[in-house]
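Enquirer: Could you have a look at this structure, given as structure tokens, before my questions?
What follows is calculated from the coordinates using simple rules that are stated; it is not laboratory data. Please read all numbers here as calculations on a predicted model, not as lab measurements. So basically every Cβ, Gly included, is an ideal-geometry build from the backbone, and we count neighbours across all protein chains shown.
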Amino acid sequence: MLERETQMSLMDQALKANVQFAKRYDPKLGGRPEPKIAIVTCMDPRLSDLEAILGLKTADMDVIRTGGPAVTEDVLGELVVSTRVLGSKEIMLLNHTGCGFTTFTDKELNEKVARETGDATPVPMRLFAFKDPEENTRAQIEKVRSHPWIPKDVPVRGFIFDVHTGRMQEVESR
Amino acid sequence: MVSASVDHIRRRVLLATVAMGASGVFPLAAQSASKGTSADATHLLIDQALKANEQFAKRYDPKLGGRPEPKIAIVTCVDPRLSDLEAILGLKTADMDVIRTGGPAVTEDVLGELVVSTRVLGSKEIMLLNHTDCGFTTFTDKALNEKVARETGDATPVPMRLFAFKDPEENTRAQIEKVRSHPWIPKDVPVRGFVFDVHTGRIQEVNSG
């Protein structure tokens, strides 16, 4: 019994659970969203419950999630759309301590996976390893702030969430 | 009767106090200064979040800080309607690595993140969760590039990738193909695609092409 359940893929479980979710679904939730803030954070599960961590409404937040988070050209494009098309008026860059992307280097992991798969064609793949969240945050603020298409009246601020205390701390830009 | 009305007054006093605390000024002053609109509206959400987080941290269970053991990597859109995955999918927050991009677009960045999620962090499945009525279907990259270049008077970022697309189903099929064919995504990791209907709450599987 238990074995069967654990063997069932999470995606199949999700399909089943979603049938029940849809029965209680309020179609009003389907209206076009009016996000007020764009948040860039890590894909790490510990950063998922932003409503609790930040006390903000889910409906108010566009949430971009990448490894780290890395603020890449992709993310800049998404921030341009969030502020200029979708309506966000603030940008929060939310980093965190204890990130899984600090446990390797891109070079090592490229070598390891090339070896394991016997296929080196993707090398060098960007895998978004980094070391210091504070330094990362400062570079992100600078990168977003200096992009000519991010509206000048949109505040861009960076924070680090401490996964051990639940506290977030602002990082001052240089 | 008496105690009910005392309660009532207490509640009103409490509400007034809360209003004062939230606006940082006396309610009357706030009203005259902002011509009846909520003084709160002028506060940044970022500042509100910093304050709310202090309370959150007081109740925080440090056990939540342990290294996560994600079982599934989910790629979905930045759209707020896709935020409550625990409810939509009935899965535990702790089990999900969640990558969120515009659309979602499955770019080289996302492929790298999926490689890390499956090969370093431990995810055993990949779900590509698209949705209907996406804000990224309301423009084209070309038109928006031209518009923003005009508005800002700065065309140096052109052509910027802004991730506009038209059809979520077609998008999903291309994503499955793209992820499945990448040599570094483990062969034993299922890669499946779905479209969430924002009007019904239902997710529907998309069969790969």
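Enquirer: Which of rounded, prolate or oblate describes chain A when judged by the alpha-carbon gyration tensor and an a/c cut-off of 1.5?
Expert: Cα axes put chain A in the oblate bin.
Enquirer: Let me ask something else about it. So what is the diffusion coefficient of the range B:94-209 in µm² per second by Stokes-Einstein at 37 °C and 0.692 mPa s, using a Kirkwood Rh over Cα pairs?
Expert: 210 µm²/s
Enquirer: With unit charges on the beta carbons (Lys and Arg positive, Asp and Glu negative) and the dipole taken about the Cα centre of the protein assembly as shown, which residue among A:A38, B:V158, B:V98 sits farthest to the positive side?
Expert: Of the options given, the answer is A:A38.
Enquirer: Let me know the mean shielding of A:47-58 by other chains, meaning the per-residue number of their Cβ atoms within 10 Å of its Cβ.
Expert: 6
Enquirer: Which order do peptides A:30-39, B:52-61, B:186-195, B:103-112 fall in by mean Cβ count within 10 Å, highest first?
Expert: B:103-112, A:30-39, B:186-195, B:52-61
Enquirer: May I pose another question? Mind scanning A:K57/B:K142; A:K107/B:K124; A:K107/A:K143; B:K51/B:K92 and naming the pairs with a C-alpha gap bigger than 30 Å?
Expert: Beyond 30 Å: A:K57/B:K142.
Enquirer: Of the listed peptides B:124-134, A:123-133, A:154-164, what is their order by residue-averaged count of other C-beta atoms within 10 Å, with the highest listed first?
Expert: Result, highest mean Cβ count within 10 Å first: B:124-134, A:154-164, A:123-133.
Enquirer: Quick one: Cα centre-to-centre distance for the range A:30-70 and the range A:96-129, in angstrom?
Expert: When both Cα centres are located, 26 Å separates them.
Enquirer: List the relative contact order of chain A as a percent without decimals, with contacts defined as Cα pairs under 8 Å and 6+ residues apart.
Expert: Values: 231 pairs, mean separation 37.1, N = 174.
After rounding, I find 21 percent.
Enquirer: Also: Taking the Cα centre as origin and putting +1 on Lys and Arg beta-carbons and -1 on Asp and Glu beta-carbons, what dipole magnitude results for chain A, to the nearest 20 debye?
Expert: Around 500 debye, computed over chain A.
Enquirer: Still on this structure, please answer the following. Can you compute the helix-only [θ] at 222 nm over the protein assembly as shown? Use -39500 (n - 2.57) per DSSP H run of at least 4 residues, normalise by all residues, nearest 500 deg cm²/dmol.
Expert: When only DSSP H runs of four or more count, the value is -11000 deg cm²/dmol.
Enquirer: For the range A:108-115, in order, what is each residue's ³J(HN,Hα) by Karplus, 6.51 cos²θ - 1.76 cosθ + 1.60 with θ = phi - 60°, in whole Hz (x at glycine and Pro)?
Expert: 4, 5, 4, 5, 4, 5, 4, 5
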